[in-house]
Amino acid sequence: MRPFHPQAIDLNSSAHALPPDFTQSQFRHALGQFATGVTVVTALNPQGGLVGLTVSSFNSVSLAPPLVLWSLAHKSGSMEALLACPHYVINVLSAEQTELANQFATKGIDRYAGVHWSPGLHGAPVIHGAVATFECFNRSRHDEGDHIIFVGEVERCSHREQADPLLYHGGSFYTGGLR
Ligand SMILES: Cc1cc2nc3c(=O)[nH]c(=O)nc-3n(C[C@H](O)[C@H](O)[C@H](O)COP(=O)(O)O)c2cc1C
């Protein structure tokens, strides 16, 4: 098989995207039609404090090596810690964890209050009851628009069989189950 060199694609360097003919709200609503799961990304800050936030931008990138991605808003209060931490955990929430999804998206509270978790390989919190967990090395970061795309190299992963995931669509959570 021929190796793939993305930089060799002949993109006309003078070409630009057309300006959007839609409002930010229309864009948001269109994006909201893409149903996703819901994760909580957890880490330790350089002082050993707990960091965590709700993230739905998670996706797979590569099987070999095992890579995943997610994106973090520039304005995120967790940015400094997540840029600095060598490892983080992506916890995929179950249908029973809507409360956690809201808790980890709320500012000014103790997000870990009442949360059951254990330290992972490098100490970052692995949340009990998640349907899957990915313990990642913080492999690379890519600045695009108003977000930073994080690519994680998965060092450990686990999943629960027969557990329903929490789903997110059009700004609402769905817990009905898939079976
Ligand atoms: C379902 C859901 C998905 C979210 N996905 C993301 C995401 O992918 N990236 C992001 O930066 N914020 C996302 N957020 C928003 C953050 O969780 C929220 O702004 C949080 O307060 C950020 O915390 P921080 O400022 O302490 O980092 C999401 C929120 C919800 C409810």
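The values are calculated or read from the model by the stated rules, or taken from the named source; none is laboratory data. Worth saying up front: this structure is predicted, and the values here are computed from it rather than measured. All Cβ positions, even for glycine, are placed from backbone atoms using ideal geometry, and neighbour counts span all protein chains on display.
What the table shows:
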quantity: Residue match in segment 146-155 (condition: outside any strand (DSSP E or B) and either among the β-branched types (Val, Ile, Thr) or within 13 Å of the ligand (Cβ to nearest atom) (or both)); calculated: yes
quantity: Unique match (being surrounded by 11 or more Cβ atoms within 10 Å (Cβ to Cβ), more than 16 Å from the chain's Cα centre (by Cα), closer than 24 Å to Leu178 by Cα and in contact (Cβ under 8 Å) with a residue 40 or more places away in the chain) among Ala95, Ala101; calculated: Ala95
quantity: Those residues of segment 44-86 which are under 22 Å from Phe173 (Cα atoms) and buried (at least 17 other Cβ atoms within 10 Å of the Cβ), in sequence order; calculated: Gly52, Leu53, Thr54, Val55, Ser56, Phe58, Leu69, Trp70, Ser71, Leu72
quantity: Positions within segment 58-77 being without any contact (Cβ under 8 Å) to a residue 24 or more places away in the chain and either within 15 Å of the ligand (Cβ to nearest atom) or among the polar types (S, T, N, Q) (or both), in sequence order; calculated: Asn59, Ser60, Ser62, Ser76
quantity: Unique match (being at pLDDT 95 or above and assigned to a loop (DSSP other than H, G, I, E, B)) among Glu96, Glu80; calculated: Glu96
